[in-house]
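All of the numbers you see were taken from the coordinates with simple rules; none came from a lab. Owing to the predicted nature of the structure, the values given are computational and were not obtained by experimental measurement. Backbone-built Cβ (ideal geometry, glycine too); neighbour counts: all protein chains shown.
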Amino acid sequence: MRIGLVTKWIDEDYTGVGKYVRNLAQNLIEMDKRNDYYLVHGKESQDPIYKTAKEMRYKTSFGPLWVRSLNAFVKKNAEKLDVIHEPFIGISAKADIKKVVSVHDITPLLFPSTVPLAFRLYFKHMMPKVLQGSDAIITVSEHTKKDVIEHFGVDKEKVHMIHVGCEMDFPDDAARAAARKRLGPKSGTRRYCLMVGSMLATKNMAFGTRVFGEAVKAMGKEGEDLDLVIVGRQDQDTPNILAAAKATGMEERLKMVSYIPWSEVCALYEGAALFLFPSLYEGFGRPPLEAMYVGVPTICSNTSSIPEVVGDASILLGPKDEDAWTKAMIRVLTDEKERARLIEKGKARSVAYPWSTCAEKTIAVYESLGKKA
């Protein structure tokens, strides 16, 4: 089969979707020798992934108009491919080609104020047509599968749940040193709690900042060497995070880091004393698994897909229960047996999500659609 995978999401500053596309593409190309892969994108890119498969380029357009360019490209080139997989927003063009879309969450419907207006409008007005017109829909969790079926009324037989993978790079000494340098001159003698993700209201990081402050104050001398590090793009909730730090007297302890190399992100994960994930809603929720992979204990919200993903390898709490979070943080930071238990369970949980399994199941979806006659 001739399979096109839209890889626009790895050609720019990317977050979760870009990671998904990059790792999926790499594993599909390495593992699948039965089918031919074409990486479909607009921008010129120096990413080495493009040396491993054939490229197909569409005309780039300003802002959200790139969607029109992609759909025009699909119409024009439908005879050259058997399947086209757009891994985020799908294909709306009517063409003689099997269409696959990945849905990561339904945030634009549930929390519309947290996404750009263009994406909100697309999700409301175009996504129903995209999903109805797709031959297969991939969701990244059972929770998101349920959301898609309930909110869009699609045929459940064409919705396939495939968990994304989680595989971390263990950093070298240079990455560790560079990451520590970003935290300030005294970072080498201090511990830190970590949150990772864009600073959006749904990530609930202002809450995480407040409970960090309350835990530190309650710990007294045992908390004197603790900082809070947030890795991610500053966004709409940044003022609330700063206000929470000020209200709890933690301004000097809060370190925000954005747009750093992945090797340094891995180093910051590895060096954390505790990972906090108080998110209100996730379609999957990879960051806790990334922390677990490098041996860091975690505390997570008990909402949406998070319990499905982390199982019993994390402490799960309501995302608004400040008292419970404060007590849990103190326990994990001071009780070595509890830390060891969470670290052991976390490592076992994180390795249960190899990218190879994600790729194998995705190939099965492609092949179930059949080759053109």
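Close amide H partners of Ser61, meaning residues 5 or more places away or on another chain with modelled amide H under 5 Å apart, are Trp66. Comparing Pro64, Pro87, Pro128 in a Gaussian network model of the chain where C-alpha atoms under 10 Å apart are linked, the largest mean-square fluctuation is found at Pro64.
For Lys76, which aspartates and glutamates qualify as cross-link partners when the Cα separation must be under 17 Å and same-chain residues fewer than eight apart are set aside? Filter leaves Glu55, Glu86, Asp96. Backbone N atoms of the stretch 344-373 closer than 17 Å to the 7 Å Cα→Cβ label point of Asn35 belong to residues 355-373. The charge dipole of the stretch 135-190, taken about its Cα centre with unit charges on the Cβ of Lys, Arg, Asp and Glu (plus for the first two, minus for the last two), comes to roughly 700 debye.
Here's the picture: a label point sits 7 Å out from the Cα of Arg190 along the beta-carbon direction, and within the stretch 249-273 the residues with their amide nitrogen under 17 Å of it are 249-258, 268-269, 271-273. Using a simple spin-label model with pseudo-atoms 7 Å out from Cα toward Cβ, Lys327 and Ile260 lie 3.4 nm apart. Would you please state which residues of the stretch 184-218 a label at Ser113 would reach in this model, taking the label point 7 Å out along Cα→Cβ and a backbone N cut-off of under 20 Å? Within reach of a label on Ser113, which here means backbone N under 20 Å from a point 7 Å along Cα→Cβ, the stretch 184-218 contributes 198-210.
Of all beta bridges that DSSP places with both ends in the chain, some 0 percent have antiparallel geometry. Within the stretch 226-305, none of the GluC sites (Glu not before Pro) combine a DSSP coil assignment with at most 14 other C-beta atoms in a 10 angstrom radius. For the chain, the longest principal axis of the alpha carbon atoms and the long axis of helix 205-219 meet at an angle near 20°. Based on Cα contacts under 8 Å between residues 6+ apart, the chain shows a relative contact order of 15 percent. Which is the longest part of the chain that has none of the trypsin sites (Lys or Arg not before Pro) sitting in a DSSP loop with at most 15 other Cβ atoms within 10 Å? Formally, the longest exposed-site-free interval is 95-185. Applied to the stretch 191-204, the Karplus parametrisation 6.51 cos²θ - 1.76 cosθ + 1.60 on θ = phi - 60° returns per-residue 3J(HN,Hα) values of 8, 8, 8, 10, 10, 10, x, 5, 7, 9, 4, 5, 6, 6 Hz, with x for Gly and Pro. Note on Ser69 and Asp235: their simple-model spin labels are 2.4 nm apart, each label 7 Å out from Cα toward Cβ. Go through Thr60, Val130, Val148 and say which Cα lies farthest out towards the positive end of the charge dipole of the chain; charges sit on Cβ, +1 for Lys and Arg, -1 for Asp and Glu. Positive-most Cα among the choices belongs to Thr60.
Say the cut-off is 26 Å between C-alpha atoms; which of Lys203/Lys246; Lys33/Lys59; Lys217/Lys320; Lys8/Lys345 go over it? From Lys203/Lys246; Lys33/Lys59; Lys217/Lys320; Lys8/Lys345, over 26 Å: Lys33/Lys59; Lys8/Lys345.
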